[in-house]
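Working notes, beginning with the structure itself.
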Amino acid sequence: MLKVIGLGDNVVDQYLSLETIFPGGCALNFAVYASMLGKDASYMGVFGDDFPAQVVQNALKNHNVAYPRCRFTKGENGRAQVTLVDGDRVFVKSNKGAPMRHNPWQFDREDLEYLNGFDLIHVSCFSHMEDHMHLLKDLKPFVSYDFANYYTEELLAKICPCIDYAIVSCSKMSLHEVEVFAEHIHSLGCPMVEASMGSEGAVLFCGGKLYRQPAHKVDALDTLGAGDAFLTAFLTAYLDESLPGETVDEKIVRSLDHAAEFAAGICMVHGAFGEGEHYTNTDLEDPNA
């Protein structure tokens, strides 16, 4: 069984209109989605010690996601305020992943040995690990990194040589601009590049070839997590065993369509994967303030 780990950020998404918080965060979503897809999934990050942190940990337990090497610190957990506009999630404000931001991860030898036991490591730009990605380069797992839309030429040049798969948000670009950008990222040292185009689907650059994957259209309840769902489903299918007689090209096409189908399903629940908890203002107070 494919063994994967989400490394970095976790948050609760606070839905103001619903007075409900939902567990999430790019790295954590990846781990939960991988478990939902039947993979052996783990998570490694930093938690606060408040009610939101407990909501996130409960979600990991509910989805059989292991988190034995997480760090725990005093203070509030990562959180973001969210509102919905016609099913599209709009972020209002956040504490920018407070635990990881205030307590940057410092890898020790045991951490790296632990990570080396996985087939796939996924990190996001919200994980505050830009200065440590070079440590993952020489490990045996496949490494993916989600830049979202927070990429600069300097950051791309720093991260791309250390990873196998880059994800960038390109929803405001034309298809031609996306193709040129994906090829540029590839030229910086990253073998595979996924350009997410929101409701228009995604483009994958791999092996000198561009693959276009349209989104599976649904009457979305909430698009939060759709991008994380797509990349998780694609990578876990692509890195898993091939079907008998299947070519690499056929596997990529099958994995992309599978990813679009899974992402569409995620759009039918509130939050990244549901499991919301009603909150009061007291629940969201910093217990150590």
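The values are calculated or read from the model by the stated rules, or taken from the named source; none is laboratory data. If you're wondering where the values come from, they're calculated on a predicted model, not measured in any experiment. Cβ: placed from backbone, ideal geometry, glycine included. Neighbour counts: every protein chain shown. In case anyone asks, the SASA skips ligands and DNA or RNA and just uses the protein heavy atoms, side chains included. Shrake-Rupley method; radii C 1.70, N 1.55, O 1.52, S 1.80 Å.
Tabulated data
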item	result
Farthest toward positive dipole pole in the chain [+1 Lys/Arg, -1 Asp/Glu at C-beta], among ALA263, ALA226, GLY245	GLY245
Relative contact order computed over the chain (Cα-Cα under 8 Å; 6+ residues apart), in percent	20
Net charge over other residues, Cβ less than 14 angstrom from the Cβ of GLY8 (K, R count +1; D, E count -1)	-2
Per residue accessible area of the chain, 1.4 Å probe, in Å²	44
The chain - Rg and Dmax from Cα coordinates, angstrom	18.0, 60
The stretch 3-82: Cα Rg divided by the 2.2 N^0.38 Å rule of thumb	1.03
Volume of the Cα convex hull of the stretch 175-289, divided per residue and given in Å³	174
Protein accessible area in the chain, 1.4 Å probe - carbon and sulfur %	51
Local electrostatic count, CYS170, Cβ distance below 11 Å [Lys/Arg +1, Asp/Glu -1]	-3
Viscosity 0.692 mPa s, temperature 37 °C, Stokes-Einstein D of the stretch 53-179 from Kirkwood C-alpha radius, µm²/s	194
Amide hydrogen neighbours beyond the local backbone of GLY8, cut-off 5 Å, H modeled	MET44, GLY45
Cys residues of the chain counted as unpaired, since no other Cys beta-carbon is under 4.7 Å	CYS26, CYS70, CYS125, CYS162, CYS170, CYS206, CYS267
Whole-Hz couplings from phi, Karplus 6.51/-1.76/1.60, listed for the stretch 262-277; x for Gly and Pro	5, 4, 4, x, 5, 6, 9, 10, 6, x, 5, 7, x, 6, x, 10
Square roots of five times the Cα gyration tensor eigenvalues for the stretch 115-258, Å	22, 19, 16
